[in-house]
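Have a look at the structure below, then the notes.
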Amino acid sequence: MPTRCGLAAANSATSLVNVLNSRVGEPDATAQHDTAGTGLAAEYGVPVAMKLVLVVRIDLGMGRGKIAAQVAHAAVAATLASLGEAAFHSWLEDGHPKVVLKAPTAAVLDDIIARVRTVGLPVQLVHDAGRTQVASGTLTCCAIGPAQDERVDAVTAGLSLL
């Protein structure tokens with residue numbers, strides 16, 4: 001199978017998690033782990049201690065595919081930036097939950113980014129290359145985390161789901 005950055009192509013999300021975990025010495029993702037007592041995410045109805053939140057601008061007129069690509073860029077950037085950290089491993093163990101929220105304007109996204117940095121949460125920004133629907137360098141979205149859901153919610157609570 002072809003590889004990229006030394007990771008073999010995986011047949012499922014679980015097998016990819018297992019590949020990543022094996023590279024950093026973590027146990028198999030299919031192993032049992034206790035999530036009792038972790039923070040609750042009411043919107044999921046199950047215990048979730050860690051999550052990755054993706055915030056995308058909706059004022060740019062991007063199509064659904066473009067939004068999906070920008071959010072994917074942010075998720076990949078956040079994952080790669082957190083490889084090997086304790087938060088990354090906890091996030092994987094929780095099933096690597098992701099939530100996509102909408103920012104109505106650039107100013108709202110800028111404010112969220114500033115607040116995230118103030119409280120010390122990890123954040124990755126995505127600026128578009130300008131090949132299709134928006135101008136080069138346009139800030140389209142950001143990824144916050146992976147981090148404890150209570151800390152992320154404190155910064156993003158006023159935003160709506162995409």
(message) Condition first: surrounded by 12 or more Cβ atoms within 10 Å (Cβ to Cβ) and within 21 Å of Ala86 (Cα to Cα). Now tell me which residues in segment 120-141 satisfy that.
(response) Leu121, Pro122, Val123, Gln124
(request) Looking for whichever is buried (at least 16 other Cβ atoms within 10 Å of the Cβ), in the same structural domain as Val152 (by TED's automatic domain parsing) and modelled with pLDDT under 95 here; the options are His73, His89. Which one fits? (result) His89
(request) Among the candidates Ala107, Ala114, Ala135, single out the residue that is of a type in the set (A, V, I, L, M, F, W, C) and assigned to a loop (DSSP other than H, G, I, E, B). (result) Ala135
(message) Can you find a residue that is surrounded by 14 or more Cβ atoms within 10 Å (Cβ to Cβ) and in contact with a Phe, Trp or Tyr (Cβ under 6 Å, 6 or more places away or on another chain) anywhere in segment 106-114?
(response) no
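The values are calculated or read from the model by the stated rules, or taken from the named source; none is laboratory data. Small disclaimer: the values here were computed from a predicted structure and weren't measured. Cβ sites come from the backbone with ideal geometry, for glycine too, and all protein chains shown count toward neighbours.
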